[in-house]
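S.K.: For reference, the structure I am asking about is given below.
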Amino acid sequence: MATPVMMPRQGQSVESCILGQWHKEVGEEVNEGDILFSYETDKASFEEEAKESGILLATFFEEGDEIPVLTNVAVIGKQGESIEEFKPGASEGEAEKAPEAITEEAPKVIEFEVEEDQVGARLRISPLARNMAEKMGVDIQILKGTGPHGRIIARDIEEAAQKPAAKAVIETPAPKAAPVSKPTPAVVLETGDDFEVKAIPNIRKLIANAMHQSLQNSAQLTHHMSADARQLMKLRKKFKAQLEAGEIKQNVTINDLVCYAVIRALEKYPQANTHFLGDKMRWFKKVHLGLAVDTERGLMVPALRNADDLSITGLSSQLKQLSTAARAGNVNPDLLSPAAATFTVSNLGNYGVEMFTPVINLPQTAILGVCTIVPRPKELEDGVYGFVPMMGLSLTYDHQALDGGEATLFLAEIKNQIENLQV
């Protein structure tokens, strides 16, 4: 019996998705597990696999269409079977004839596949786990995944790395990997002798709208301050030595240390760990830290929930996993909602930026811009001056939610935490 293929739901906050590319054509034979099409939410890309084998009888949308989630996009069945009842907009009576197979199932994120293992079965592994396995020398062929549908996930690699049997050098050819979904190429609308007019990608439209709404609907002001970075650099040097000595497994970065200091400051100034809702404010008991990540698809700000519960190494590990997932395009869309985070950190220090004005992710109350470290003159003791590495800090806050004095004291506390950080 013919079965419809629906546009999956990726997270409770996602109402529609953009159809990326069809990987099968109407009339083509489809096997269970074959990639049918790619699709994207506002900030992440995914690929949908066939749930059963058959013939692709029909597709109802074209590449680039925006489609409500759980809408029928195609039909798989036997040659000659009717597709009328599955067309979007079919009558309720026809829709009731649809088989039980159309019940919602959580879609799979982009996976790497090993075509066959020792028993001829398909092996699933997440992109993050695959990268970790390559770096740690873990043989994925002998692992049993604990993720959804038996998929090998990061936790499995971490556990396997502790077992010598799993760390065999793999001399067989590298497993064939499914292609990572890229943003749909922009449509060229017009050409000239020396220019092209291209359609704006969906993600750029959403970023542009969010930034415009943020500046239009809040009273934003930025304060700048510099922090002595000697303690951060000392801690970074210590963690690097421990990593090289094998005492720790996590590469703790300057940004990790700054985020740790920010979390401690937010605990002392909870009025900055809020959402401004017009005539009221939402005060959070936990710190859900947003981290601005530059990706090929555009700026993403995933949230690390309960960041205040983590040690510095745990925070570093979680931030790395979150940024890796954002760049790979398979981060949970619910974590990309501006309301998912209570405060955001945007670090442009690696780009050499000395000062900037970050834009708040509404409804958050504030955002911290972290700048590069620059040697600046400072009084070391009475009458003695020297050059000290100083880190620029730029705090943008909504003046509707915070007064200038509150914001200044909060920024000064971030500076104090950075200069006196103990981990």
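The values are calculated or read from the model by the stated rules, or taken from the named source; none is laboratory data. On a predicted model such as this, the values are computed, not experimentally measured, just so you know. Heads up, the Cβs are rebuilt from the backbone with ideal geometry, glycines too, and the neighbour counts pull from every protein chain shown. Protein only, heavy atoms only, side chains kept; ligands, DNA and RNA dropped before computing areas. Shrake-Rupley method; radii C 1.70, N 1.55, O 1.52, S 1.80 Å.
S.K.: If you roll a 1.4 Å probe over the range 27-67 with all protein chains in place, what percent of the accessible area is carbon or sulfur? Present the calculation step by step, with values, prior to reporting the outcome.
M.R.: Values: 530 of 1600 Å².
Solvent-exposed carbon and sulfur of the range 27-67 make up 33 percent of the total.
S.K.: Sequence gap at least 6, Cα distance under 8 Å: using those rules, report the relative contact order of the range 205-419 to the nearest whole percent.
M.R.: 30
S.K.: At a Förster radius of 22 Å, what calculated FRET efficiency corresponds to the Cβ-Cβ distance of GLU381 and LYS237, to the nearest 0.05? Don't jump to the answer; show the numbers that get you there.
M.R.: Numbers: r = 23 Å, r/R0 = 1.07.
Given R0 = 22 Å and the Cβ-Cβ separation, E is 0.40.
S.K.: Still on this model: Provide the gained length on full extension for the span VAL188 to VAL423, in nm with one decimal, where the gain is 0.36 nm per separating residue minus the Cα-Cα distance. Each step should come with its number before you reach the end.
M.R.: On the way: separation 235, 0.36 × 235 = 84.60 nm, distance 5.23 nm.
Here the answer is 79.4 nm.
S.K.: Just the accessible area per residue of the range 205-419, please: how many Å² with a 1.4 Å probe? Walk me through the intermediate numbers first.
M.R.: Working: 9870 Å² over 215 residues.
Result: 46 Å² of accessible area for each residue.
S.K.: On the first, second and third principal axes, largest extent first, how far apart are the outermost C-alpha atoms of the range 205-419 in Å?
M.R.: 50, 42, 32
S.K.: Find how many whole Å separate the alpha carbon centroid of the range 306-335 from the alpha carbon centroid of the range 337-353.
M.R.: 13
S.K.: So, one more: Using mean Cβ contacts within 10 Å as the protection proxy, how do 20-26, 327-333, 250-256, 307-313 order, highest first?
M.R.: On the way: 20-26: 15.6, 327-333: 21.1, 250-256: 19.3, 307-313: 17.3.
Answer by packing, highest mean first, reads 327-333, 250-256, 307-313, 20-26.
S.K.: Right, another one. Among 354-362, 211-219, what's the highest-first ranking by average C-beta atoms within 10 angstrom per residue? If you can, show how the numbers build up before the last one.
M.R.: Working: 354-362: 18.7, 211-219: 14.0.
So the peptides 354-362, 211-219, ranked by packing, come out 354-362, 211-219.
S.K.: Just to check I understand the Karplus step: with θ = phi - 60° and J = 6.51 cos²θ - 1.76 cosθ + 1.60, what whole-Hz values come out for the range 223-236, glycine and proline as x?
M.R.: Those phi angles translate into 10, 10, 8, 10, 10, 5, 9, 4, 5, 4, 5, 5, 5, 4 Hz.
S.K.: Sequence-distant or interchain residues sharing an amide H contact under 5 Å with VAL30, placed H: which?
M.R.: The answer is GLY54, ILE55, LEU56.
S.K.: Sticking with this structure for a sec: Roughly to the nearest percent, how much of the accessible area of the range 205-419 is carbon and sulfur, given a 1.4 Å probe? Walk me through the intermediate numbers first.
M.R.: Values: 5180 of 9870 Å².
The nonpolar share, carbon plus sulfur, comes to 53 percent.
S.K.: Want the number for PHE284 to ALA245: 0.36 nm per residue separation, take away the alpha-carbon distance, what's left?
M.R.: On the way: separation 39, 0.36 × 39 = 14.04 nm, distance 3.93 nm.
Roughly 10.1 nm would be gained on extension.
S.K.: Right, here's the next one. ³J(HN,Hα) across the range 247-252 via Karplus (A = 6.51, B = -1.76, C = 1.60, θ = phi - 60°), whole Hz, x for Gly/Pro?
M.R.: Karplus-based 3J(HN,Hα) across the range 247-252 equals 6, 10, 10, 9, 7, 6 Hz.
S.K.: Simple spin-label model, 7 Å along Cα-to-Cβ: THR357 to GLN79 in nm?
M.R.: Roughly 6.6 nm, to one decimal.
S.K.: Further, regarding this structure: From the backbone phi of the range 399-416, what are the Karplus-calculated ³J(HN,Hα) couplings (6.51 cos²θ - 1.76 cosθ + 1.60, θ = phi - 60°) in whole Hz, Gly and Pro given as x?
M.R.: 5, 6, 9, 10, 7, x, x, 4, 4, 5, 5, 5, 5, 5, 5, 4, 4, 5
S.K.: Name the residues whose placed amide hydrogens come within less than 5 Å of the amide hydrogen of ILE76, ignoring near sequence neighbours (fewer than 5 apart) on the same chain.
M.R.: Under 5 Å from the amide H of ILE76: THR3, VAL5, LEU57.
S.K.: Could I ask something else about it? Would you mind checking LYS249/LYS415; LYS51/LYS249; LYS280/LYS415; LYS205/LYS415; LYS238/LYS320 for any pair whose Cα atoms are more than 31 angstrom apart?
M.R.: Working: LYS249/LYS415 28 Å; LYS51/LYS249 39 Å; LYS280/LYS415 29 Å; LYS205/LYS415 35 Å; LYS238/LYS320 19 Å.
Pairs exceeding 31 Å: LYS51/LYS249; LYS205/LYS415.
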